[in-house]
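K.L.:
Below you will find the structure I want to go over with you.
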Amino acid sequence: MSFESQPQGAVPSKRSPVELVKENSLQLRGALTADLARDVDHFNEQDKQLIKFHGSYQQDDRDARKDPKRLGASKHYNFMVRCKIPGGKVTASQYLTLDRIAGQYANGTLRITSRQGFQLHGVLKSNLKQTIREINTCLLTTLGACGDVNRNVMAPAAPLATPTYREMQSMADVLARHFAPRSKAYHEIWLNDEPVAGAPEIVDEPIYGNVYLPRKFKIAFALPEDNSTDLFAQDLGFLAHVENGAIVGYNLYAGGGMGMTHGNANTFPYIAKAIAFVTPEQVVAGAEAVIKLFRDHGNRADRKRARLKYVLHDWGVERFRDVLQTYLSFPLVPPRDIAVTGFPLHVGWHEQGDGKYFYGISIENGRIKDEGDYRLRTLLQKLVENLQPSIRLTPMQDILLCDLPPSAKPLINRMLTVYGVAKPDKISLVQLHSLACPAIPTCGLALSEAERALPAIIDQLEAELLRLGLDKEKISVRMTGCPNGCVRTYQSDIGIVGRSGDKYTLFVGGNLVGSRLSFLFKDLVPMHDIVPTLVRVLDDYRQHRQPDEAFGDYCQRLGADKIRGMV
Ligand code: SRM
Ligand code: SF4
């Protein structure tokens, strides 16, 4: 019997080492408390796996590895801390607390993630407990931001007062609560001053069980006209069906995912498939059923194949639906015919539906920092202190200041100029539609640069697009330092994927709304050749496109062979 077809709850004969770490961890405790108290700058191998469930990754400064002054020295360990923020909702005081923590314990920057969360980088182990504790004091959490559990639930960020948006935001909260691990470990380790006497309290994990999921799991909500959450990249997506301004139900999508490994054909990005239509009342049960199916049938032997997308791919939609049905008390009905049509960025000034306004600031690669004349971090501190807005983070790594009176407009306009931050209408379309992951120096998996390299690539592309008369086209560019696809790289018009050092693999043929995958255009392209290589295709697009044809559509129409033949 194949691994995937084992009955519910069966323990496979071969399991990856991480499965054993989870099983022996006493519900995610491991030796974390003792390890935290040790005067050592990093965790042991097991605890390094377990802190992920608590929202942190052990990293080392990869620039320091090359520092000649540090030759022979051990790695410069530090920690990334990720906040799980359903729908990207943050209050003004939470923002100011995170900003303070970033200065006090991290590297002085805040990073908006591609899942509407915040990350801190560069936290030393000696400050880790205090960092996580202080994040919790402002009622944010890092629990389950990483690890083999449900991750941050995404929902379109704005406009706030529109009923459909409100409903999806509140469903995101409901699912986030429902799927949070129940283990008391987080509270005990990070928030409780009292040493826990005797054996730790083991509670029921009714959804996950004691070995949690085979791998990470991701959920997003979307509207046909607002797929800014990239529904098709999610393990589980809910695409709203709206009638007369109200959500009457959702198409439940399953099995999306981006990660792959260069040269391993067994791994690939996959677009989520429509499985069924569910009513709003069936969302929680539907989501729980999909998670339990993954728990029971996901691959626990090979972590590279341990995502829900491989179950769906290997089974097909029919069998997936049949098995899903066995976890549900209501009959599954076929999905409705709902097309995704839009991907709004939400930047600039907008009415939010209740007489108030929101203002979206486009943030290059989500990094909130002060650097030279560009003082975004200080600008946001001042605006948030002054206006006390509610805040939304977007999946495009941008920030929205919400609930503003019209009178805030002149202040924001003036402050943007003073602090050297460009207004969205002064930023090129290609930059507005670009994303990059952190990559080097923090990400241990990066093969190449991304966040630090993309700005120069965008500068070159902007100049070329202007020269070609294509600057008014919306072309999305996403760059990652490795093939894991952390900014959903294989759905954009152009994907730039780290291969090795300064060499990249180029993908083209995705689209702006993120509803299809791109294809490999050229491998092993040196960094300095990325834009010249793309320009050959862009130039042909300029000459031979059909009226209103988008760049990704044109690439798909010509097909991979013709596009590859251009270089
Ligand atoms: Fe990711 C691993 C950063 C969204 C697919 N991701 C990582 C790690 C933790 C590296 C590691 O395992 O050691 C990165 C930390 C880098 C750093 O220094 O901060 C990392 N991922 C990110 C973030 C911060 C990128 C960003 O620019 O914002 C995003 C955090 C989102 C959040 O708030 O939760 C982030 N990662 C994604 C997404 C996009 C999404 O979720 O919508 C994907 C593609 C969707 C998917 O899951 O398939 C993604 N990350 C991965 C993978 C590939 C998983 C796979 O199926 O093979 C890895 C590698 C892994 O898990 O082993 C990974
Ligand atoms: Fe790291 Fe790769 Fe994710 Fe970029 S895509 S953050 S390099 S794991």
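K.L.:
Among residues belonging to region 468-499 that are at positive phi and of a type outside the set (Lys, Arg), point out the one that is farthest from ligand 2 (Cβ to nearest atom).
P.N.:
Of everything passing the filter in region 468-499, Gly469 is farthest from ligand 2 (Cβ to nearest atom).
K.L.:
Among the residues of region 115-143 satisfying the criterion of being among the polar types (S, T, N, Q) and open to solvent by less than 10 Å² (accessible area, probe 1.4 Å), which is farthest from the chain's Cα centre (by Cα)? Write out each step before concluding.
P.N.:
Just the residues of region 115-143 that are among the polar types (S, T, N, Q), to begin with: 116, 119, 126-127, 130-131, 136-137, 141-142.
Cutting the leftovers down to open to solvent by less than 10 Å² (accessible area, probe 1.4 Å) gives us 116, 131, 142.
Numbers: Gln116: 7, Thr131: 22, Thr142: 14 Å.
Among them, the one singled out is Thr131.
K.L.:
When the residues of region 217-229 are filtered to those that are touching a Pro at 6+ places or on another chain (Cβ under 6 Å) and part of a loop (DSSP other than H, G, I, E, B), which remaining residue is nearest to ligand 2 (Cβ to nearest atom)?
P.N.:
Among those residues, the one meeting the criterion is Thr229.
K.L.:
Checking Asp61 against (1) modelled with pLDDT under 95; (2) within 15 Å of Glu134 (Cα to Cα), which test does it fail?
P.N.:
The failed condition is (2).
K.L.:
I need a count of the residues in region 21-43 that are of a type outside the set (Gly, Ala, Ser) and open to solvent by less than 20 Å² (accessible area, probe 1.4 Å). Walk me through it before giving the result.
P.N.:
The first filter runs over region 21-43 and keeps only residues of a type outside the set (Gly, Ala, Ser), leaving 21-24, 26-29, 32-33, 35-36, 38-43.
With open to solvent by less than 20 Å² (accessible area, probe 1.4 Å) added as a condition, the list becomes 22, 27-29, 32, 35, 43.
Counting residues in region 21-43 that are of a type outside the set (Gly, Ala, Ser) and open to solvent by less than 20 Å² (accessible area, probe 1.4 Å) gives 7.
K.L.:
Something else now. Run down Arg321, Arg295, Arg300 and say which single residue is closer than 30 Å to Thr261 by Cα and touching a Ser or Thr at 6+ places or on another chain (Cβ under 8 Å).
P.N.:
Going through Arg321, Arg295, Arg300 in turn, just one is closer than 30 Å to Thr261 by Cα and touching a Ser or Thr at 6+ places or on another chain (Cβ under 8 Å): Arg300.
K.L.:
Only one of Pro344, Pro335, Pro331 is open to solvent by 30 Å² or more (accessible area, probe 1.4 Å) and within 17 Å of Ala155 (Cβ to Cβ); which?
P.N.:
None of the others qualify; the one that does is Pro344.
K.L.:
Quick check, is Val537 surrounded by 23 or more Cβ atoms within 10 Å (Cβ to Cβ), at pLDDT 95 or above, of a type outside the set (Gly, Ala, Ser) and assigned to a loop (DSSP other than H, G, I, E, B)?
P.N.:
So Val537 fails the test.
K.L.:
Could you list, in sequence order, the residues of region 431-456 that are surrounded by 23 or more Cβ atoms within 10 Å (Cβ to Cβ) and in a helix (DSSP H, G or I)?
P.N.:
Leu454
K.L.:
Test of understanding: among Arg303, Arg307, which residue is surrounded by 24 or more Cβ atoms within 10 Å (Cβ to Cβ) and within 11 Å of ligand 1 (Cβ to nearest atom)? I'd like the intermediate steps shown before the answer.
P.N.:
On the way: Arg303 fails: surrounded by 24 or more Cβ atoms within 10 Å (Cβ to Cβ).
When all the criteria are applied, what remains is Arg307.
K.L.:
Then there's this: Please verify whether Asp322 is more than 18 Å from Tyr208 (Cα to Cα), free of Cβ contacts under 8 Å to residues at least 12 places away in the same chain and open to solvent by 30 Å² or more (accessible area, probe 1.4 Å), treating the condition exactly as stated. Steps first, please.
P.N.:
Details: more than 18 Å from Tyr208 (Cα to Cα): yes; free of Cβ contacts under 8 Å to residues at least 12 places away in the same chain: yes; open to solvent by 30 Å² or more (accessible area, probe 1.4 Å): yes.
Taking the combined requirement at face value, the residue satisfies it.
K.L.:
Something else now. Answer with yes or no whether Pro214 is assigned to a loop (DSSP other than H, G, I, E, B) and out of contact with any Gly (no Cβ under 6 Å at 6 or more places or on another chain).
P.N.:
no
K.L.:
For Ser518, only one of the following conditions fails: (1) closer than 19 Å to Thr341 by Cα; (2) in contact (Cβ under 8 Å) with a residue 40 or more places away in the chain. What is its number?
P.N.:
It is condition (2) that Ser518 fails.
K.L.:
Just wondering, is there one or more residues in region 144-162 that are open to solvent by less than 20 Å² (accessible area, probe 1.4 Å), touching a Gly at 6+ places or on another chain (Cβ under 9 Å) and modelled with pLDDT under 95?
P.N.:
yes
K.L.:
A further question follows. Could you list all residues from region 442-473 that are within 15 Å of ligand 1 (Cβ to nearest atom) and farther than 18 Å from Gly485 by Cβ?
P.N.:
The answer is Arg452, Pro455.
K.L.:
Shifting gears a bit: Any idea how many residues of region 492-503 are assigned to a strand (DSSP E or B), out of contact with any Ser or Thr (no Cβ under 6 Å at 6 or more places or on another chain) and farther than 24 Å from Ala339 by Cα?
P.N.:
Number satisfying all stated conditions: 3.
K.L.:
Could you pull out the residue among Leu506, Leu512 that is in a loop (DSSP other than H, G, I, E, B), crowded, with 16+ Cβ neighbours inside 10 Å and more than 15 Å from ligand 2 (Cβ to nearest atom)?
P.N.:
From the options Leu506, Leu512, the qualifying one is Leu512.
K.L.:
Can you tell me which residues in region 466-491 are buried (at least 24 other Cβ atoms within 10 Å of the Cβ) and either modelled with pLDDT under 95 or part of a helix (DSSP H, G or I) (or both)?
P.N.:
Within region 466-491, Thr489, Tyr490, Gln491 qualify.
K.L.:
A follow-up question, please. Going by the conditions given, is Asp99 modelled with pLDDT of 95 or more, within 12 Å of ligand 1 (Cβ to nearest atom) and not polar (S, T, N, Q)?
P.N.:
In short, no.
K.L.:
Across region 373-386, what is the number of residues that are without any contact (Cβ under 8 Å) to a residue 60 or more places away in the chain and either open to solvent by 10 Å² or more (accessible area, probe 1.4 Å) or part of a strand (DSSP E or B) (or both)?
P.N.:
Start the filter on region 373-386 by keeping residues that are without any contact (Cβ under 8 Å) to a residue 60 or more places away in the chain, which leaves 373-376, 378-379, 382-383, 386.
Checking the rest, the ones that are also either open to solvent by 10 Å² or more (accessible area, probe 1.4 Å) or part of a strand (DSSP E or B) (or both) come to 373-375, 378, 382, 386.
Selection size over region 373-386: 6.
K.L.:
Which residue, of Ala233, Ala254, is within 16 Å of ligand 2 (Cβ to nearest atom) and either within 23 Å of Asp296 (Cα to Cα) or in contact with an Asp or Glu (Cβ under 8 Å, 6 or more places away or on another chain) (or both)?
P.N.:
It is Ala233.
The values are calculated or read from the model by the stated rules, or taken from the named source; none is laboratory data. Just so we're clear, the structure is a prediction, and the values are computed from it rather than from any experiment. We place every Cβ from the backbone using ideal geometry, glycine too, and count neighbours over all the protein chains shown. Accessible surface is based on the protein model in full, side chains and every heavy atom, while ligands, DNA and RNA are left aside. Shrake-Rupley method; radii C 1.70, N 1.55, O 1.52, S 1.80 Å.
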